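Below: the structure, in structure tokens.
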Amino acid sequence: MAAKQSSGRFWSGLISAYGQELVVLGCIVVMFVVVGTYNPRFLNNTNLVTIFSGNAYIAVAAIGMSLVIITGNIDVSVGSLIGVLATVAGTLVVNGAPVWVSWIVPVFVGMAINTVLGLLVAYLRIPAIVASLGMLSILKGGLITATGGKWITGMPEGFFLAQQRWFDVPAPIWFMVILTVLAAYWMRVFPTGRTFYAVGGNAEAARAAGIDPRRTCVLAFTLHGLFAGIAAVLFCTQLQVIQSTVPPGLELTVITASVIGGVSILGGTGTVIGSTLASILFGCLGSAMVFLNVSAYWLRAVLGLLILATVLADMARRSRYQSAATA
Amino acid sequence: MTKNILVRHETILAALLVVALMVLTTQSSHFFTVENLLNQARLMAEMGIVGLGMTFIIVTGGIDLSVGSILGLVAILLGVFWKNVGLPLPVAMFLAVVAGSLAGLFNGFIITRFKVPPLIATLATLALYRGLAEGISESRSVRGYPEWFYVLGQGDVWGIPTQLWVFLALAVVAIFILGVTPFGRTIYAIGSNAVAARFSGISVNRSLLAIYTASGFLASIAGVIFVSRVSTTRSDMGTGLELDVITAVVLGGTSIFGGRGTVVGTLLGLMLMQALKSGLLLAGVKGDGTITAIGVVLIGTVIVSNLFRMNTDG
Amino acid sequence: MLKNALLASAALLLLGGSAQAATWMGGDDQPTNPLACDATPPTAVAKPYDGGQATNPADLKGKPIKVVDVPKLIGIGYFNATSKGIADGAKELGNVDAKTDGPTKANIDEQITFIDNYITSGVNGILFAANDPVAISPVLKKALSKGIHVVGYDANSQPDAREWFINQAQFNGIAKSLLDNMVKETGEDAGIAIVTSTFTTPNQARWIAEMAAYAAKCHPKLQFLETVEAQEDNNLSFNQATTLINKYGDKMKGIFGMTSVATPAAAEAVTQAGKCGKVAVIGLATPNAMKPYVAKDCVKSVVLWNPVDLGYAAVEVLRAVVDGTLKPGATSVKAGKLGELQVVNGSEILLGAPFVFTKDNIGKFDF
């Protein structure tokens, strides 16, 4: 009797802990089935691989964003940051720097810029949305000023990291999977990782427990910069041209991926696995629309509805879990 | 007491605005002319009208990212109601505004009934409303409005741009409601401590529904004005408006955490932003430099304001 | 409950959207005028002058003038090239101070604000490439009413909102050139897809409409599979092109890139999919972005015009207007090193025939 109860509780515990991630995974599966039936070419190896590797950089950026959101903050400047870092990488390699340098430097620059952002938020007490709004403008304007709006072309062959394949799997997919697993493991198991959840859940309680919320906050931003740097390198090594602009609305895509993946904007919960799954969902959705012959016009509306549905499902689950827990 | 007024954010901002105006005037003789100031006011009106509603929302600790999309949707609906459905233009305008207000109501509904955090809810509706605009219009524009319609966006009444009259009227109403009426105090209460507000008998949900609907309503008005100003409708109108408006509101001293802020502050913030955009361009700075400058001003103002507050709070 | 309603609406939209999709290719609904299928040159249409006029402009004949160039957006290769052309022309003329400034995304709201502010700053001339022909007209008319000269290039406004418009090539001429070059590579019986910026961009929509008309007339066996939007973004264009390649497989023999961003991205997609030589890529692009693909023989020809010349012509025409050497009713205008340019359609100045970049000449250009 007790054993049956506890196994039931195990499953419901698993579902409530990973519920959101399972919902997203479910959506992906449903989409594959629906589109695959309609046009089997969608399930083609080349197609799926292309979608995953083309959008992997969003998943990597979403890992960093998830860290920031879990600690209770947000960053709307990540789009512009990726643009800046991509230009840094391109400029370095075109001016003769070794290829590996042009991959590594953007990562450090990203960490540096976002550490500044973290310091503004943690020590100068500027709300994260305000600080990152300001940073967005500074980066966007600064990038155009620095490049004069010119494209960067003529990168040497070895530069294109994102086009390489290791064991017949494209490099971006390796990055996406390995980084997600590492980050998720680190946050669950290592004390420093778990402080993120603590600070996001209740900063005062965390402080009372001896954790310095400010230091944790800055660390979250610095790591976010690390991931943004890697994402930028994946982003700019895919094509032969580096623009001084990034896909419109990139920051909102990254934030949405984190949130849909289960990271609560209220802070304190969610995993990076969810955000990676959500990035995959979005990447596939765009392609799925084309395969389904859906008029491109309705794509964004469908996306909005999907976000709403997922969030509502999350809130419903949360309140059910809470009322069950207090019962 | 005087010290408190002196170090209020709004006062600092007003001083900053005066300094900026003076500096920019020295950079170009075209800046501080009646004609330019009126023109800037005309360009600012749409953002200003939306900013009025955004102030209320941010004071309650919420946010509305969907205002730009509502503007675009209303613009499209205006064209559709008038040209495709064939309604008389005033009726089309009215219905479009109603639709936009309903969009705001929907935002409020999701936020209050389903307890979705405003950031997420309006992030979703940002995509949804923009998507509806694109889908309904199929990216085709509607043009060819009658002459009288353009007076709203391009004309003057007694020498002042028409939309400026609309903006000023709405601003006065907004200042009055937020600053003087009990409803305004309710808004501040919700922003300071929503739980306490609820326990003291304030109908938090009803108030939130009202302000999100109002935000949709104001975005609709701005949309109609915008269509009148450019004489056509496009599904991408208003993209990026939300970030500009939020910048202006925060610049104006409204705390993103809620509980503090005034409409006057938002107006000052708007004026400062518009002055910078205009003055810097006249001084020879190109678009990218202006974008950077606004980012620096935003962060700088908040830092300064925080420093002052930390000193006085003690 | 609400969640179910939302999911149901999403499904409905999907179904409704799929019903709509098959029909529209992205062309606008204005009348088309396809050219002859062979090499007969187009007959020039003589129309009375229909441009606007500046009201009481200052007499600046021979004197230095200040000019601002407000393209659709800054930060893409195409408008960097036109900007360079404008700068070259200004330097050559010697008495023109030209500056390029504009929005960072192809948005009409911001472009209007830029132009409005420059009017206030007292420029003598405005050059523009419009994001929307109707929306930009009120502010341009305001410029004209203040005695500022207005000349457009690349993307037109309404005729009475500017004095002259430099058209890189006739819309139907571009359509003919693109299609003829495509058919040379793919053959008559082929499936073709189009990657464009957005469906509202005026010149792209015009070209597509003309292409459809010309194809119906002269290449009836060509099937237009689909048109996708990719805004002006490199990454998005690449993803869209790859999706098209995957979706249609061998049915698709060619891709048109309608913007200078879409074409290199489409070429990259074809290269990475290993379909070089099997899927032709034709379109608008700047030479630098296409050099790697042309070198590998993945792309045989880039049908275009020279955007640097376009900018150069624009500033030369503006100078001629200010100096009074170009008046309404003229049939041609001398544009510096480009020689005499024809006036067509009343107030449009034709840059010339489309320019084709191939392996032989692409190395000579650096923009």
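Does B:A196 qualify as being more than 14 Å from chain C (Cβ to nearest Cβ), at pLDDT below 90 and out of contact with any Asp or Glu (no Cβ under 8 Å at 6 or more places or on another chain)? It is true that B:A196 is more than 14 Å from chain C (Cβ to nearest Cβ), at pLDDT below 90 and out of contact with any Asp or Glu (no Cβ under 8 Å at 6 or more places or on another chain). Going by the conditions given, is C:K176 more than 27 Å from B:Q274 (Cβ to Cβ) and free of Cβ contacts under 8 Å to residues at least 12 places away in the same chain? Considered against the rule, which asks whether it is more than 27 Å from B:Q274 (Cβ to Cβ) and free of Cβ contacts under 8 Å to residues at least 12 places away in the same chain, C:K176 comes out as no.
Residues of the range B:138-155 that are part of a helix (DSSP H, G or I) and either at the interface with chain A (Cβ under 8 Å from one of its Cβ atoms) or in contact with a strand residue (DSSP E or B) (Cβ under 9 Å, 6 or more places away or on another chain) (or both): B:V151, B:G153, B:Q154. Just to be sure, is B:F176 surrounded by fewer than 13 Cβ atoms within 10 Å (Cβ to Cβ), among the hydrophobic types (A, V, I, L, M, F, W, C), in contact with a Gly (Cβ under 9 Å, 6 or more places away or on another chain) and in a helix (DSSP H, G or I)? In short, yes. Residues in the range A:38-57 that are more than 8 Å from chain C (Cβ to nearest Cβ) and hydroxyl-bearing (S, T, Y): A:Y38, A:S53, A:Y57. Within the range C:91-128, which residues are at positive phi and either touching a residue at least 60 places away in the same chain (Cβ under 8 Å) or more than 13 Å from chain B (Cβ to nearest Cβ) (or both)? Residue satisfying the conditions is C:G94 alone. You will find that of A:F190, A:F196, A:F235, A:F227, the residue that is aromatic (F, W, Y) and within 14 Å of chain C (Cβ to nearest Cβ) is A:F235 and no other.
The set of residues in the range A:46-86 being closer than 15 Å to A:W174 by Cβ and in contact with a strand residue (DSSP E or B) (Cβ under 7 Å, 6 or more places away or on another chain) consists of A:V49, A:S53. In the set A:S264, A:S258, A:S275, only one residue is at pLDDT 80 or above, small (G, A, S) and farther than 23 Å from A:A112 by Cα; that residue is A:S275.
Pairing residues of the range B:108-133 that are at the interface with chain A (Cβ under 7 Å from one of its Cβ atoms) with residues that are surrounded by 22 or more Cβ atoms within 10 Å (Cβ to Cβ) and aromatic (F, W, Y), at Cβ distances under 9 Å and at least 6 apart in sequence or on separate chains, gives B:G131/A:Y297; B:G131/A:W298; B:L132/A:W298.
Considering (1) modelled with pLDDT of 85 or more; (2) assigned to a helix (DSSP H, G or I); (3) more than 24 Å from B:E134 (Cα to Cα), the lone condition that B:F81 does not fulfil carries the number (3). Report whether or not C:A44 is within 14 Å of another protein chain (Cβ to nearest Cβ) and at pLDDT below 85. No: the conditions fail for C:A44. Looking across the range B:222-270, just one residue is of a type in the set (G, A, S) and in contact with a strand residue (DSSP E or B) (Cβ under 9 Å, 6 or more places away or on another chain), and that is B:S231.
Among the conditions (1) more than 11 Å from chain B (Cβ to nearest Cβ); (2) free of Cβ contacts under 8 Å to residues at least 40 places away in the same chain; (3) surrounded by 19 or more Cβ atoms within 10 Å (Cβ to Cβ), A:G110 misses just one, which is (2). The condition of being closer than 25 Å to A:L161 by Cβ, within 14 Å of chain B (Cβ to nearest Cβ) and surrounded by fewer than 23 Cβ atoms within 10 Å (Cβ to Cβ) holds for only one of A:A146, A:A97, that being A:A146.
So, in the range A:157-197, how many residues would count as being acidic (D, E) and either surrounded by 20 or more Cβ atoms within 10 Å (Cβ to Cβ) or outside any helix (DSSP H, G or I) (or both)?
First pass over the range A:157-197, keeping only residues acidic (D, E): A:157, A:168.
After this cut, where a residue has to be either surrounded by 20 or more Cβ atoms within 10 Å (Cβ to Cβ) or outside any helix (DSSP H, G or I) (or both) as well, the list is A:168.
Summing the residues that are acidic (D, E) and either surrounded by 20 or more Cβ atoms within 10 Å (Cβ to Cβ) or outside any helix (DSSP H, G or I) (or both) in the range A:157-197 gives 1.
A quick yes/no check of all residues on (1) within 23 Å of C:G89 (Cβ to Cβ); (2) modelled with pLDDT of 90 or more; (3) surrounded by 17 or more Cβ atoms within 10 Å (Cβ to Cβ); (4) not assigned by TED's automatic domain parsing to the domain that holds C:F128:
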{"residue": "C:K296", "(1), (2), (3), (4)": "no, no, no, yes"}
{"residue": "C:G311", "(1), (2), (3), (4)": "yes, yes, yes, no"}
{"residue": "C:A314", "(1), (2), (3), (4)": "yes, yes, yes, no"}
{"residue": "C:R319", "(1), (2), (3), (4)": "yes, yes, yes, no"}
{"residue": "C:K327", "(1), (2), (3), (4)": "yes, no, no, no"}
{"residue": "C:K334", "(1), (2), (3), (4)": "yes, no, no, no"}
{"residue": "C:E340", "(1), (2), (3), (4)": "yes, no, no, no"}
{"residue": "C:K364", "(1), (2), (3), (4)": "yes, no, no, yes"}
{"residue": "C:F367", "(1), (2), (3), (4)": "yes, no, yes, yes"}
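Pairing residues of the range B:209-238 that are in contact (Cβ under 8 Å) with a residue 12 or more places away in the chain and farther than 19 Å from B:L128 by Cα with residues that are of a type in the set (D, E) and not in a helix (DSSP H, G or I), at Cβ distances under 7 Å and at least 6 apart in sequence or on separate chains, gives B:T232/C:D132.
Out of all the residues in the range A:284-305, is one or more more than 10 Å from every other protein chain (Cβ to nearest Cβ), at pLDDT 75 or above and part of a helix (DSSP H, G or I)? Steps first, answer last, please.
To start, the set of residues in the range A:284-305 that are more than 10 Å from every other protein chain (Cβ to nearest Cβ) comprises A:284-285.
With the extra rule that they be at pLDDT 75 or above, the set shrinks to A:284-285.
Next cut, part of a helix (DSSP H, G or I) only: A:284-285.
Within the range A:284-305, one or more residues are more than 10 Å from every other protein chain (Cβ to nearest Cβ), at pLDDT 75 or above and part of a helix (DSSP H, G or I).
Among the residues making up the range A:103-147, a single one is in contact with a Ser or Thr (Cβ under 8 Å, 6 or more places away or on another chain) and assigned to a loop (DSSP other than H, G, I, E, B): A:P127.
One residue alone among B:G265, B:G284, B:G223, B:G253 is assigned to a loop (DSSP other than H, G, I, E, B) and more than 12 Å from chain A (Cβ to nearest Cβ), and that residue is B:G284.
Among the candidates B:R234, B:R260, the residue that is among the charged types (D, E, K, R), more than 10 Å from every other protein chain (Cβ to nearest Cβ) and in contact with a Ser or Thr (Cβ under 8 Å, 6 or more places away or on another chain) is uniquely B:R260.
Considering each residue of the range C:175-191 in turn, at least one proves to be buried (at least 22 other Cβ atoms within 10 Å of the Cβ) and not hydrophobic (A, V, I, L, M, F, W, C). Would you confirm, using the coordinates I've provided, whether A:G154 is closer than 29 Å to C:K291 by Cβ, in a loop (DSSP other than H, G, I, E, B) and within 9 Å of chain B (Cβ to nearest Cβ)? The answer is no for A:G154.
Scanning the range A:140-172 for residues that are without any contact (Cβ under 8 Å) to a residue 12 or more places away in the chain and at negative phi yields A:G141, A:T145, A:E157, A:Q164, A:R165, A:W166.
Residues checked against (1) assigned to a loop (DSSP other than H, G, I, E, B); (2) out of contact with any Leu (no Cβ under 9 Å at 6 or more places or on another chain):
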residue	(1), (2)
B:T11	no, yes
B:V18	no, yes
B:F32	yes, no
B:N36	no, no
B:R42	no, no
B:G68	no, no
B:P90	no, yes
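The values are calculated or read from the model by the stated rules, or taken from the named source; none is laboratory data. The model shown is predicted, which means the values in this text are computed figures rather than measured ones. For neighbour counting, all protein chains shown are included, and Cβ atoms are generated from backbone atoms with ideal geometry for every residue, glycine included.
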